[in-house]
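The values are calculated or read from the model by the stated rules, or taken from the named source; none is laboratory data. Note that the structure is a prediction, hence the values are computed from the model and not measured. Methodologically, a virtual Cβ is constructed for each residue, glycine included, from the backbone with ideal geometry; neighbour enumeration extends over all protein chains shown.
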Amino acid sequence: MLSEQQVLIVGGGHVGLSFALLLAHHGIASTLLEKNSYPTISPNDDQTRSHYLDSRNTALSRRTVQIYEEIGLWSELQSHACRIDAVQISEQGSFGRAQLNKEDEQVESFGQVMENAWLGRKLLLAAQEESLITIIDNANVTAVEQQKAGVTLRFNYYDTDEHEQELQASLLVACDGRDSTIRPLLNIGTTTYDYKQTAIVGVVQTDKPHEHVAIERFSPAGPLAVLPLTDPEGDGNDDYQKGYRRSVVWVCPTGEETQYLEDDAHFLQTLQKAFGQRAGTFVAAGRRGAYPLTRVLAKQQVDGRCVIMGNAAHTLHPVAGQGFNLCMRDAHVLAQMISAQVLKGADIGDPTLLKRYEKSRQTDQKRVIRFCDAVVHGFTHPNPAIKLARNVALIAFDKLPNIKPLIANYAMGLKS
Ligand SMILES: Cc1cc2nc3c(=O)[nH]c(=O)nc-3n(C[C@H](O)[C@H](O)[C@H](O)COP(=O)(O)OP(=O)(O)OC[C@H]3O[C@@H](n4cnc5c(N)ncnc54)[C@H](O)[C@@H]3O)c2cc1C
């Protein structure tokens, strides 16, 4: 049985683990339930890395990096982070082009690209080493009940015949992903939109070093992002240290993905055609994964003493690399509000406080959702007049002095 001022977190992905660590930073205890079993990892085993061309990656905004700095985790993470010094935006078959440079915007970088495996491993290790965090994996949540003074969660274990167990806390935060179990248990519905697009994600090698430039390119098939990556060390390939490794997110109409997944040569040729020589020649590709893209928005993010967070609250199109970064800003704000309650000796699951949290996040969330959709729909519209308008907009964006810092701040997650 937990004490009243504890938090239950359901879902131990990157958002659930980060939220637990944010709470611990404020001295607040939490119990995190994850349905899968976590691998056993040792703090000394830093060799566990993805293969050179085999990883999924996330672009972390400047704000997300600041949050990890604040909780003392960035020093652990940064060895596998690749800085983004410039962002190029262009469209296949068009003359418009825009570029953001860190020197012009007077920033250290626009963000950092990190392997998901590395981020997950470091978050899990930090959570396992933190005495304020209790981790229960293999957990099958069966019921959530709310009372006036607390919330009760029932679960059993997937891998044993043990009887159902019960946990109580002041507050429950569901970070259990797009297909959340907690959302329906709380009778919270969703609005969904099928983009009818699939993201193909992989790592490629080019014959030209990336020089820390991220490239966003729009093609008739869909948007394409190519991001710089760090070089894994220690496996004897000299090319690894030269910055030829890049992460690719290639979006195509759903149904067309098989050809890009199975045939390396065809995938590389298609990238080359869409990109020209901007990134040099694409010479090798690793295993690709496919992610059908649907926007899922919870109709409400707070119910009584329960908060819906992360992809469970808003699953977005990955075109602008905003999803996880938005979740981190949500998590940071909620952790701060809970901490202020603790300092006042007040109830951390107070439904009025949680409603205030929900309201405070609306502007940022709506802006990011609108931005992602505008990019997806605006840049894939085939109408020639709209295409011309896009070109003019890209040129204007590149030339007008006041727009760039604004957009750069949005992309870095520094304005909400
Ligand atoms: C192709 C692609 C590229 C992306 N690139 C970027 C990017 O560059 N930058 C960016 O900011 N965002 C990016 N995103 C978005 C980002 O990946 C997500 O926002 C982020 O992973 C959400 O994390 P989460 O922890 O909320 O959800 P998830 O990663 O889905 O984690 C949910 C966790 O909950 C667990 N779980 C589920 N159900 C239960 C249950 N009933 N009980 C207990 N546990 C449960 C799951 O096992 C899992 O561990 C990208 C997304 C895609 C698809």
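Taking Ser37 as the residue in question, decide whether it is modelled with pLDDT under 95, within 11 Å of the ligand (Cβ to nearest atom) and of a type in the set (Gly, Ala, Ser).
On the way: modelled with pLDDT under 95: yes; within 11 Å of the ligand (Cβ to nearest atom): yes; of a type in the set (Gly, Ala, Ser): yes.
So Ser37 fits the description; yes.
Output the number of residues of region 148-176 satisfying the condition of being assigned to a loop (DSSP other than H, G, I, E, B) and surrounded by fewer than 18 Cβ atoms within 10 Å (Cβ to Cβ). Lay out the reasoning, then the answer.
The initial filter retains those residues of region 148-176 that are assigned to a loop (DSSP other than H, G, I, E, B), namely 148-150, 158-164, 170, 175-176.
So of that shortlist, the ones also surrounded by fewer than 18 Cβ atoms within 10 Å (Cβ to Cβ) come out as 148-149, 158-164.
So the count comes out to 9.
Regarding region 342-351, can at least one residue be identified that is crowded, with 17+ Cβ neighbours inside 10 Å, in contact with a helix residue (DSSP H, G or I) (Cβ under 6 Å, 6 or more places away or on another chain) and not in a loop (DSSP other than H, G, I, E, B)?
Looking for residues that are crowded, with 17+ Cβ neighbours inside 10 Å, in contact with a helix residue (DSSP H, G or I) (Cβ under 6 Å, 6 or more places away or on another chain) and not in a loop (DSSP other than H, G, I, E, B), one finds none in region 342-351, hence no.
Does any residue of region 165-188 turn out to be away from the ligand (no atom under 14 Å from the Cβ) and of a type in the set (Asp, Glu)?
Yes, region 165-188 has at least one match.
In this structure, is Val213 of a type in the set (Val, Ile, Thr), at pLDDT below 95, in the same structural domain as Arg287 (by TED's automatic domain parsing) and buried (at least 21 other Cβ atoms within 10 Å of the Cβ)? Walk me through how you get there before you give the answer.
On the way: of a type in the set (Val, Ile, Thr): yes; at pLDDT below 95: yes; in the same structural domain as Arg287 (by TED's automatic domain parsing): yes; buried (at least 21 other Cβ atoms within 10 Å of the Cβ): no.
For Val213, the condition - of a type in the set (Val, Ile, Thr), at pLDDT below 95, in the same structural domain as Arg287 (by TED's automatic domain parsing) and buried (at least 21 other Cβ atoms within 10 Å of the Cβ) - is not met.
Do we have Phe275 as aromatic (Phe, Trp, Tyr) and away from the ligand (no atom under 16 Å from the Cβ) here?
Numbers: aromatic (Phe, Trp, Tyr): yes; away from the ligand (no atom under 16 Å from the Cβ): yes.
Taking the combined requirement at face value, the residue satisfies it.
So which residues in region 279-303 are more than 20 Å from Gly12 (Cα to Cα), touching a Leu at 6+ places or on another chain (Cβ under 8 Å) and more than 10 Å from the ligand (Cβ to nearest atom), if there are any at all?
Phe282, Val283, Ala284, Ala285, Gly286, Arg287, Arg288, Arg295, Asp303
Mind checking which residues of region 46-63 are within 16 Å of the ligand (Cβ to nearest atom) and modelled with pLDDT under 60? Lay out the reasoning, then the answer.
Applying the first criterion (within 16 Å of the ligand (Cβ to nearest atom)) to region 46-63 yields 50, 54-63.
Once the filter is applied, which keeps residues that are within 16 Å of the ligand (Cβ to nearest atom) and modelled with pLDDT under 60, region 46-63 yields only Ser50.
Is there any pair linking a residue in region 347-369 that is in the same structural domain as His317 (by TED's automatic domain parsing) to one that is surrounded by 14 or more Cβ atoms within 10 Å (Cβ to Cβ) and among the β-branched types (Val, Ile, Thr), with Cβ under 6 Å and at least six apart or on different chains, and which?
Every condition considered, the pairs that remain are Ile348/Ile338; Leu354/Val302; Leu354/Val307; Lys355/Val302; Glu358/Val302.
If I go through region 177-212 residue by residue, how many of them are touching a residue at least 12 places away in the same chain (Cβ under 8 Å), within 29 Å of Ala20 (Cα to Cα) and not in a loop (DSSP other than H, G, I, E, B)?
7
Considering only residues that are under 16 Å from Ser61 (Cβ atoms) and out of contact with any Lys or Arg (no Cβ under 9 Å at 6 or more places or on another chain), look in region 327-344 and name the one that is nearest to the ligand (Cβ to nearest atom).
Step by step, filter region 327-344, then rank; the result is Cys327.
With region 64-142 as the region, which strands (runs of 3 or more DSSP E) entirely inside it contain at least 3 residues that are surrounded by fewer than 19 Cβ atoms within 10 Å (Cβ to Cβ) and modelled with pLDDT under 90?
On the way: elements: 81-84, 86-91, 97-101, 111-115, 133-136.
In region 64-142, the matching strands (runs of 3 or more DSSP E) lie at 97-101.
Residues checked against (1) out of contact with any helix residue (DSSP H, G or I) (no Cβ under 6 Å at 6 or more places or on another chain); (2) surrounded by 15 or more Cβ atoms within 10 Å (Cβ to Cβ); (3) not aromatic (Phe, Trp, Tyr):
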| position | (1), (2), (3) |
| --- | --- |
| Arg245 | yes, yes, yes |
| Pro253 | yes, no, yes |
| Tyr260 | no, yes, no |
| Phe275 | yes, yes, no |
| Gly286 | yes, yes, yes |
